[in-house]
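*Asks:* This structure is in structure tokens; I'll ask about it shortly.
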Amino acid sequence: MAKRYSTLQRIQQLDPERDCQQICHLIAGYEFAWDVTRSLELALLKTFCIPSISQLLDRTGEFIHRPQKRYDDTGLIVSELVKYGYDSDRGSAALARMNRIHGHFDISHRDYLYVLSTFIYEPIRWMDRFGWRPMCETERLACFHFWREIGDRMGIRGMPASYSDFEQFNLDFEREHFHYSLSNQHIGESTRTMFLSWFPAPLRPLVRPGVHAFLDDAMLGALGFPRASAPLRWAIANCLKLRGRLVRQLPPRETGHFYVDASHRTYPEGYSLENLGPPHMLEELNRGSSPAEN
């Protein structure tokens, strides 16, 4: 069992600010590879609970007509950053790509801040509930410093200076801005349909309420989704906790597994940064850019 915690022991010897890129690399690719992806899917749904965000996504049509591409593009850019670090050639190219895409849209700094905060706090909360162990203080602070630095490089203004202040912003923003809107529901339903498409057709009616079971009442209300039954919510939560206990018995992962390493439905033959972004914008986005192949 001591070996199971060898990566954690390595992380605890690092500095959460100076070494945040290395720590987030270990978190996402080694310690919690599956859990980080699931927690960021929940973070994605949370951003759709904000009408100002969902209205923009509804207008662009990307999450309505091409939800799988939008999902894969987001996952790949995030994974490029956590696998290679924002100081690497690949990481800086991915960040530049993201900035070029975002530059075509009018997005408020507070909406940017909220989305950024979900990348910090949703994985932490997920590990507290369902991970094989909770994140340690070094890991929590490293997530804060990692995404805060990315926010700086995105030019986001008004970022809270401390972990606790940013978390309070996240909670206050949700209380103030989680409201139902038709655009929330449109984007939420399209994303739920995408999730269901990952399962065989006969299972989809059974999986559908399972998606709702992950969501709290504030999210359900904002998205216009029905509440799952109490037994189903209990069963899913306890299955995830049981998975965490089973994973705790496994040896530490020796080989990293990142989202960029997986096969993607949108890019079965592989991708480059030149592929990422809304199709009608690709020609403009690719002027003067250098692709990172995978």
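*Asks:* Among Y180, Y114, which is the only one that is outside any helix (DSSP H, G or I) and of a type in the set (S, T, Y)?
*Replies:* Result: Y180 is the single residue among Y180, Y114 that is outside any helix (DSSP H, G or I) and of a type in the set (S, T, Y).
*Asks:* If you scan region 121-151, which residues turn out to be of a type outside the set (A, V, I, L, M) and either at pLDDT below 95 or outside any helix (DSSP H, G or I) (or both)?
*Replies:* Hits for region 121-151 are G131, W132, R133, P134, C136.
*Asks:* Moving to a separate point now. Output the residues belonging to region 55-73 that are under 17 Å from the mean Cα position of the chain (by Cα) and in contact (Cβ under 8 Å) with a residue 24 or more places away in the chain.
*Replies:* Once the filter is applied, which keeps residues that are under 17 Å from the mean Cα position of the chain (by Cα) and in contact (Cβ under 8 Å) with a residue 24 or more places away in the chain, region 55-73 yields L57, F63, P67, Q68, K69, Y71, D72, D73.
*Asks:* Let me ask another. Do we have any residue at all in region 200-216 that's acidic (D, E) and in a helix (DSSP H, G or I)?
*Replies:* Checked region 200-216: no residue is acidic (D, E) and in a helix (DSSP H, G or I).
*Asks:* Okay, moving on. Select, from R153, R125, R129, R175, the only residue that is in contact (Cβ under 8 Å) with a residue 60 or more places away in the chain and over 25 Å from E80 (Cα atoms).
*Replies:* After ruling out the rest, the residue left standing is R129.
*Asks:* With L76, L95 as the choices, which residue is touching a residue at least 40 places away in the same chain (Cβ under 8 Å), under 22 Å from T255 (Cβ atoms) and surrounded by 17 or more Cβ atoms within 10 Å (Cβ to Cβ)?
*Replies:* Only one candidate passes the filter, namely L76.
*Asks:* Tell me which of these R4 doesn't satisfy, since it passes every other one: (1) in a loop (DSSP other than H, G, I, E, B); (2) in contact (Cβ under 8 Å) with a residue 12 or more places away in the chain; (3) surrounded by fewer than 19 Cβ atoms within 10 Å (Cβ to Cβ).
*Replies:* Here R4 meets the rest and fails (1).
*Asks:* Of all residues in region 17-56, which are farther than 22 Å from E80 by Cβ and either of a type outside the set (F, W, Y) or not in a loop (DSSP other than H, G, I, E, B) (or both)?
*Replies:* Passing the criteria: L45, K46, C49, I50, P51, S52, I53, S54, Q55, L56.
*Asks:* Residues to consider are G61, G103; find the one that is small (G, A, S), modelled with pLDDT under 95 and over 17 Å from G151 (Cβ atoms).
*Replies:* G61
*Asks:* What are the residues in region 12-56 that are aliphatic (A, V, I, L, M), more than 14 Å from T118 (Cα to Cα) and crowded, with 21+ Cβ neighbours inside 10 Å, if any?
*Replies:* I23, L26, I27, A28, listed by residue number.
*Asks:* When you check R253 against the structure, is it over 22 Å from H65 (Cβ atoms) and touching a helix residue (DSSP H, G or I) at 6+ places or on another chain (Cβ under 8 Å), yes or no?
*Replies:* Yes.
*Asks:* Of all residues in region 243-281, how many are closer than 21 Å to S197 by Cβ, touching a residue at least 60 places away in the same chain (Cβ under 8 Å) and outside any helix (DSSP H, G or I)?
*Replies:* 7
The values are calculated or read from the model by the stated rules, or taken from the named source; none is laboratory data. Model, not experiment: these values are computed from the prediction. Cβ coordinates were reconstructed from backbone atoms using ideal geometry, including for glycine residues, and neighbour counts include every protein chain displayed.
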